[in-house]
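In what follows, a structure is listed as structure tokens, so that the remarks can point back to it.
The values are calculated or read from the model by the stated rules, or taken from the named source; none is laboratory data. For clarity, every value in this text was computed on a predicted model and none was experimentally measured. Please note: Cβ atoms are built from the backbone with ideal geometry, for glycine as well, and neighbour counts cover all protein chains shown.
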Amino acid sequence: MGNRPRILLVNDDGIEAEGLRRLAVMAARLGEIWVVAPDCQCSAMSQRLTLYEAMSVREETFPAPVAGAWRLGGTPADCVKVALGHLLPERPDFVFSGINRGWNAGYDVAYSGTVAAALEAAMQGVPAIAFSTEYPENYETAEALLPSLALELMGKDPGRCAIWNVNFPGCALSGLRGVQYDRSVAPLQLYADGFLSEPDGEGGRRLWQRGTRTDASLVPEGTDLAALLAGFVSVGRLRSVVAG
């Protein structure tokens, strides 16, 4: 990579998220940074697109060294489409999505807006990496490893319509046990489904999702969740359904 690559940053936690700011600071060591992110929290939207209503868009002053930044009244996948098709003066060389608040591992990858934005980029021929860290966040490990790990993965092809999915454990750097590659997706969710319920005063009920953390003994070895629970960074490939 002779010239500094153009890197588009997106996320699903919104343009004001701390993880996005930190990603911009770290990614600025690797290339020219552009940001297009949702104007509000968009977690668990998967690859949803805005089709039947207008999307607001506004240029932003961003608290990190970037070439340009916009907030979009749309989804994470919208951010990629609008950036590539309308906002950026040139096509990016890479898309980085994150850093998400909470792991995107196990079956949660199916719901993730962070992962979906990266997959949207891959479907449009732009190499992409999704980054997530354990919630509540401790960025020490991510800040130490992300630049070199991103540079390594930028030089590797994950395959057609596929992305790299990187998850960081929430431990301090001194507690990190290493990096595990080619982790398969664990066949379960980190949090099992659960709900809180109360009367709504109109004859119905209000529900809130409140899952309970899955017993670590149920997580199969060799998977992304097993690596993370054991204190490793997990690196795996994810493919879009259009990859066949």
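Determine, yes or no, whether LEU153 is more than 30 Å from GLN209 (Cβ to Cβ) and not aromatic (Phe, Trp, Tyr). The answer is yes for LEU153. Residues that are over 19 Å from the mean Cα position of the chain (by Cα) number at least 2 in the following strands (runs of 3 or more DSSP E) confined to the range 140-237: 195-199, 205-209. Applying a threshold of 6 Å to beta carbon distances and a minimum spacing of six or more residues, or different chains, the list of pairs starting in the range 196-212 at a residue that is loosely packed, with under 10 Cβ neighbours inside 10 Å and ending at one that is of a type in the set (Gly, Ala, Ser) reads THR212/ALA192; THR212/GLY194. Taking (1) farther than 22 Å from ILE163 by Cβ; (2) touching a residue at least 24 places away in the same chain (Cβ under 8 Å) in turn, ASN100 satisfies each apart from (1).
Here the range 106-131 is the region considered, the condition is being assigned to a helix (DSSP H, G or I) and not small (Gly, Ala, Ser), and the residue that is farthest from ALA24 (Cα to Cα) is TYR107.
Of all residues being in contact with a strand residue (DSSP E or B) (Cβ under 7 Å, 6 or more places away or on another chain) and without any contact (Cβ under 8 Å) to a residue 40 or more places away in the chain in the range 103-135, which is surrounded by the fewest Cβ atoms within 10 Å (Cβ to Cβ)? Just the residue, please. Going through the qualifying residues, I end up with TYR135.
Checked against (1) out of contact with any helix residue (DSSP H, G or I) (no Cβ under 8 Å at 6 or more places or on another chain); (2) modelled with pLDDT of 95 or more; (3) more than 30 Å from GLN124 (Cα to Cα), LEU151 meets all criteria but (3). Of the strands (runs of 3 or more DSSP E) lying entirely inside the range 1-102, those containing at least 1 residues that are surrounded by 21 or more Cβ atoms within 10 Å (Cβ to Cβ) and in contact with a strand residue (DSSP E or B) (Cβ under 6 Å, 6 or more places away or on another chain) span 6-10, 32-38, 68-72, 94-101. Reported count of residues in the range 163-174, each being more than 12 Å from LEU229 (Cα to Cα) and either hydroxyl-bearing (Ser, Thr, Tyr) or surrounded by fewer than 19 Cβ atoms within 10 Å (Cβ to Cβ) (or both), is 3. If I filter the range 185-224 down to residues being of a type in the set (S, T, N, Q) and touching a Gly at 6+ places or on another chain (Cβ under 6 Å), which single residue comes out as modelled with the highest pLDDT? Of everything passing the filter in the range 185-224, GLN189 is modelled with the highest pLDDT. Would you confirm whether or not the range 136-155 contains a residue that is touching a residue at least 60 places away in the same chain (Cβ under 8 Å), buried (at least 18 other Cβ atoms within 10 Å of the Cβ), over 16 Å from GLY98 (Cβ atoms) and touching a strand residue (DSSP E or B) at 6+ places or on another chain (Cβ under 9 Å)? Taking every residue of the range 136-155 in turn, none turns out to be touching a residue at least 60 places away in the same chain (Cβ under 8 Å), buried (at least 18 other Cβ atoms within 10 Å of the Cβ), over 16 Å from GLY98 (Cβ atoms) and touching a strand residue (DSSP E or B) at 6+ places or on another chain (Cβ under 9 Å).
GLY73 falls short on exactly one of the conditions (1) on the phi > 0 side of the Ramachandran plot; (2) free of Cβ contacts under 8 Å to residues at least 40 places away in the same chain, and that condition is (1).
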